[in-house]
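Take a look at the structure set out below.
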Amino acid sequence: MRRFPPFAAITIFVLARTCMAQELGQFSRPANSKPIITPQKATFEDPILRKAVQWEALHTFNPAAVVRDGKVFLLYRAEDTSGSMKIGMHTSRIGLAESSDGIHFTQGPKPVFYPDRDAEQSREWPGGVEDPRVVESEDGTYILCYTQWNRITYRVGIATSRDLLHWTKHGPAFGLGGKYEGLAYKSAGILTRRAGDRLVAARVSGRYWMYWGEIEVRLATSTDLIHWFPVEGPDGDPLVLLAPRPERFDSALPEVGPPPVLTDKGIVMLYNGKNAKGGRDTNLSAGTYAAGQAIFAADNPAKLLSRSEKPFFQPEMPWERSGQYAAGTTFLEGLVRFREKWFLYYGCADSFVGVALTEH
């Protein structure tokens with residue numbers, strides 16, 4: 001496996017702050033807030049089972065988001081009723097929903113991305129395809145990062161599309177064979193920059209950058225948005241940028257949220273933090289997923305400048321504290337700039353999709 005040298009003799013700098021402004025603005029739920037994507041009874045002829053299944057009958061959650069043709073599109077994870085009643089033990093597929101206002105969505109009748117009789121079947125069946133993040137390239141191609149889950153191990157998969165409907169799978173982000181063949185890894189967001197209402201994949205020092213991982217957040221680079229290579233530290237292991245912090249909302253783990261955004265303040269990465277059972281943030285229940293923010297240097301994606309001490313968004317509504325993850329979840333995965341506001345899309349208790357937005 002190709003190895004990149006340490007980026008500018010990387011040292012992680014942390015500026016301690018007791019609180020930090022939300023760089024994209026303060027997010028709040030709409031008036032009379034309720035889930036915007038919910039389970040439906042639509043059927044789909046599964047190409048592996050070769051029979052009709054109710055592909056989104058059980059749960060709909062963890063959405064990616066993109067603006068296209070003046071509308072917001074969500075690529076959301078949907079679970080059927082197969083398997084056992086445990087988290088991760090149903091088959092997941094990805095559906096597509098669209099909205100003219102960013103709040104009220106129409107769900108498509110069939111999944112647009114799913115396990116198939118293809119080269120990725122052994123990595124995606126029977127667990128499915130999970131937790132998408134999507135960005136747009138300069139030429140208008142959509143790049144999808146998603147979790148391949150076969151109920152044995154998991155990896156980040158990469159897929160591309162020109163229309164959000166038809167996708168080409170490119171296999172695991174870190175390739176097959178070599179040093180990272182056996183690595184279990186998930187939750188990847190490619191660095192973006194604003195281009196009007198589009199969030200376009202951004203280059204820094206001539207390369208694309210992808211933040212990835214749960215428990216520890218790390219970094220990878222690419223020249224083509226498809227083939228990715230972990231940034232390694234002096235010890236030859238993937239460089240760790242964020243790790244769990246005792247007595248904080250991310251005391252059990254930090255996990256990458258939506259694709260990060262390059263701003264005049266630096267690289268803004270919204271992330272998901274899980275509260276531990278012991279040594280936790282006592283203002284949150286054990287196991288709660290709440291949202292934090294980390295800022296990295298604009299010219300050095302590995303240089304951490306600041307990190308929230310407290311969550312800026314957390315479970316409050318009944319549907320964010322019930323469902324199949326009763327400890328409470330506001331799990332961020334989708335972020336768009338739309339109608340002069342930021343819209344943030346998140347999974348609610350691994351069961352529904354919610355939205356929050358800024359005032360401007």
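Nothing in this text is a laboratory measurement; each read-out follows from the coordinates by a stated rule. Here the structure is a predicted model, which means the values were calculated and not measured. Neighbour counts run over all protein chains shown; Cβ positions are idealised from the backbone, glycine included.
Could you line up H104, H227 from fewest to most neighbouring Cβ atoms inside 10 Å?
Taking fewest neighbouring Cβ atoms as first place, the list is H104, H227.
Which aspartates and glutamates, if any, have their Cα less than 20 Å from the Cα of K41, not counting same-chain residues under 8 positions apart?
By straight Cα distance, K41 reaches E56, E79, D80, E98, E130, D350.
How much net charge surrounds N62 when only other residues with a Cβ under 12 Å from its Cβ are counted (Lys, Arg +1; Asp, Glu -1)?
Around N62, the charge tally is -3.
Starting from the Cα-Cα distance between K341 and E316, subtract it from 0.36 nm times their residue separation and give me the gain in nm to one decimal.
Computed gain between K341 and E316 is 6.8 nm.
On a C-alpha basis, how far is the centre of the range 162-234 from the centre of the range 282-350 in Å? Whole number, if you could?
If you average the Cα positions of each part, the centres end up 20 Å apart.
I'd like the GluC sites (Glu not before Pro) in the range 180-224 restricted to DSSP loop residues with at most 12 other Cβ atoms within 10 Å, sorted by number.
Those that pass, being in a loop and sparsely packed, are E181.
In whole Hz, what ³J(HN,Hα) sequence does the range 286-298 give by Karplus (6.51, -1.76, 1.60; θ = phi - 60°), x for Gly and Pro?
Coupling constants for the range 286-298: 4, x, 5, 9, 10, 10, x, 9, 10, 10, 10, 5, 5 Hz.
Size of the range 144-258 along its principal axes in angstrom, Cα-based, largest extent first?
Taking the Cα atoms of the range 144-258, the three principal extents are 43, 35, 28 Å.
What ³J(HN,Hα) values, in whole Hz, does the Karplus curve 6.51 cos²θ - 1.76 cosθ + 1.60 give for the range 222-234 when θ = phi - 60°, with x put for Gly and Pro?
Taking θ as phi minus 60°, the curve returns 7, 9, 10, 6, 10, 9, 10, 9, x, 6, 10, x, x Hz for the range 222-234.
Points 7 angstrom from Cα along the Cβ direction at T263 and S205: gap in nanometres?
Taking the two extended label points, one gets 2.4 nm.
Calculate for the chain the 222 nm mean residue ellipticity that helices alone would give, adding -39,500 (n - 2.57) per DSSP H run of length 4 or more and normalising by residue count, nearest 500 deg cm²/dmol.
Helix contribution divided over all residues of the chain: 0 deg cm²/dmol.
Near the amide H of S306, under 5 Å away, which other amide H atoms are found, from residues 5 or more places off or on another chain, if H is placed in the peptide plane?
Here L15, I295 satisfy the definition.
Loop-only trypsin sites (Lys or Arg not before Pro) in the range 20-98, please: DSSP not H, G, I, E or B, and at most 15 other Cβ atoms within 10 Å.
Answer by residue number: K41, R50, K86.
If you plug each phi of the range 143-148 into the Karplus form 6.51 cos²θ - 1.76 cosθ + 1.60 with θ = phi - 60°, what whole-Hz ³J(HN,Hα) values come out, in order, with x for Gly and Pro?
Residue by residue, the range 143-148 yields 10, 9, 9, 8, 9, 8 Hz.
Where does the chain land on Rg(C-alpha)/(2.2 N^0.38 Å)?
That works out to 0.91 for the chain.
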